[in-house]
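Q: Dumping the structure here so I can ask a few things about it.
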Amino acid sequence: MKTVHLIISGKVQGVFFRATAKKKADQLLLNGWVKNIPGNKVEIVVSGESEAIKKFITWSQSGPPNALVKEVVVNEIVPQVFTSFRIIK
């Protein structure tokens, strides 16, 4: 079990990034949350198996079809337990 914190920048708001991140996390059996933050960025905290997290990070580097990801900053943090993956409005 591992937890990572991601900050994704570029054209990532208004392109269904959060909804698509939830769908991807659910497919990979990952838990945590996603939200938009100032500066046209998306913040994600995700917990789960290492292999699934690697796949999620790879997905986040391109995101949904209309996104234009410029940078993904990934930091491993203290493991956290979540019961689902949710979108924070």
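Q: Restricting attention to the range 22-54, which residues are under 13 Å from Arg86 (Cβ atoms), crowded, with 21+ Cβ neighbours inside 10 Å and of a type in the set (A, V, I, L, M, F, W, C)?
A: Matches in the range 22-54: Ala25, Leu30, Val34, Ile44, Val46.
Q: Which residues, counting only those in the range 11-21, are surrounded by 13 or more Cβ atoms within 10 Å (Cβ to Cβ) and not β-branched (Val, Ile, Thr)?
A: Of everything in the range 11-21, those that are surrounded by 13 or more Cβ atoms within 10 Å (Cβ to Cβ) and not β-branched (Val, Ile, Thr) turn out to be Lys11, Gln13, Phe16, Phe17, Arg18, Ala21.
Q: Determine the pairs where a residue that is farther than 15 Å from Leu6 by Cβ, located within the range 72-89, has a partner that is at pLDDT below 95 and assigned to a loop (DSSP other than H, G, I, E, B) with Cβ atoms under 9 Å apart, the partner being 6 or more residues away or on another chain.
A: Here the result reads Pro79/Met1; Val81/Met1, each pair linking the range 72-89 to a residue that is at pLDDT below 95 and assigned to a loop (DSSP other than H, G, I, E, B).
Q: Continuing with the same structure: Of these, Ile8, Ile57, which one is among the hydrophobic types (A, V, I, L, M, F, W, C), modelled with pLDDT of 95 or more and surrounded by fewer than 21 Cβ atoms within 10 Å (Cβ to Cβ)?
A: It is Ile57.
Q: Still on this model: Given Lys70, Lys22, which one is assigned to a strand (DSSP E or B) and out of contact with any helix residue (DSSP H, G or I) (no Cβ under 6 Å at 6 or more places or on another chain)?
A: Result of the check over Lys70, Lys22: Lys70.
Q: Testing Ile87 on (1) β-branched (Val, Ile, Thr); (2) assigned to a strand (DSSP E or B); (3) surrounded by 15 or more Cβ atoms within 10 Å (Cβ to Cβ), one condition comes back false. Which one is that?
A: It fails just one condition, (3).
Q: I want to confirm something. Restricting to the range 38-51 and keeping residues that are assigned to a strand (DSSP E or B) and closer than 15 Å to Phe16 by Cβ, which single residue is farthest from the chain's Cα centre (by Cα)?
A: Among residues in the range 38-51 that are assigned to a strand (DSSP E or B) and closer than 15 Å to Phe16 by Cβ, the one farthest from the chain's Cα centre (by Cα) is Val42.
Q: May I ask you to say which residue of Lys35, Lys54 is part of a strand (DSSP E or B) and not polar (S, T, N, Q)?
A: Going through Lys35, Lys54 in turn, the sole match is Lys35.
Q: Can I ask one more? Would you check if Phe82 is in a loop (DSSP other than H, G, I, E, B), among the aromatic types (Phe, Trp, Tyr) and surrounded by 15 or more Cβ atoms within 10 Å (Cβ to Cβ)?
A: yes
The values are calculated or read from the model by the stated rules, or taken from the named source; none is laboratory data. All figures in this text were calculated on a predicted structure; none of them were measured in a lab. Backbone-built Cβ (ideal geometry, glycine too); neighbour counts: all protein chains shown.
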